[in-house]
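Contents: one structure, followed by commentary.
No value in this document is a laboratory result; all are computed from the given coordinates. Since the structure is predicted, the reported quantities are computational estimates derived from the model, not experimental observations. Glycine also receives a Cβ, built like all others from the backbone with ideal geometry; neighbour counts cover every protein chain displayed.
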Amino acid sequence: QSGARPPHSKELRYSADGFTPTDGKKKLMKTLLVILIASMIAVVVFTEPSVVSAQSDAQISTIRAQYASINKRASRYKRVKKELSGFSLEGGELIAYLNGPSIVKLVATHYGEMGRSTEEYYYQDEKLIFVFEKTSHYNKPMGRVARSTENRYYFNNDRLIRWVDKNGKQADTSSEEARSKQKDLLENSNLLSTGARSKNRTIEHRE
């Protein structure tokens, strides 16, 4: 019949390019697109952190295993002792542990009138992986230790990936304080490891 309309005329309309979706069809497509985008965002927001967390936990476990292995074999390593100058008011000392030509551990002790601090640096394949920092506070000048605080810093490829602070909590490694701490520890590590290998008996602090 001349007045007959194309099949499904309620869903399609004719244009110069052929049949195109009607407004209802377009709304449905837009709704599906919004759902698809929302689903993709949910995958990124909720799945990615867990993957990153799992990777980070695996790295921490590897670092802890290396830490334990180094300390277990400490008596087998060659020990090199150096004096530290300019790091603290009352001076300090460094003990380096070498496995062949490679430094595996550094222990820097800094003395002050009201306390002392110890920093232990651990390495794997010449790369810093962990720093244990302990600060002891005296009850009076040159007195006994009244209290101590500890910080633990985990590194991967010269980047601070975890910081367990003095309260035993994980600090935000993206904070300005963490970035500053990362920079200081890496610089000290380089200075001390270079000094440990030098022929000089004293390592001078650089301003």
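Mind listing which GluC sites (Glu not before Pro) in segment 126-172 are in a DSSP loop and have 16 or fewer other Cβ atoms within 10 Å?
Working: sites: Glu126, Glu133, Glu150; in loops: Glu126.
Within segment 126-172, the qualifying GluC sites (Glu not before Pro) (loop, at most 16 other Cβ atoms within 10 Å) are Glu126.
Taking 0.36 nm per residue of separation and subtracting the Cα-Cα distance, what length does fully extending Leu98 through Glu187 add? Write out the running numbers ahead of the final one.
Values: separation 89, 0.36 × 89 = 32.04 nm, distance 1.97 nm.
Result for the pair: 30.1 nm of gain on full extension.
Per-residue Karplus couplings for segment 120-136, computed as 6.51 cos²θ - 1.76 cosθ + 1.60 with θ equal to phi - 60°, are listed in order as 10, 9, 10, 10, 9, 6, 6, 10, 5, 10, 7, 10, 10, 10, 10, 10, 10 Hz, Gly and Pro entered as x.
Taking each residue as 0.36 nm, the span from Thr149 to Asn71 lengthens on full extension beyond its C-alpha to C-alpha distance by 26.0 nm.
Would you mind computing, in nm to one decimal, how far apart the modelled labels at Lys140 and Asn157 are, each placed 7 Å from Cα along Cα→Cβ? Here the modelled spin labels are 5.4 nm apart. Centroid-to-centroid, using Cα positions, segment 94-108 and segment 164-207 are 15 Å apart.
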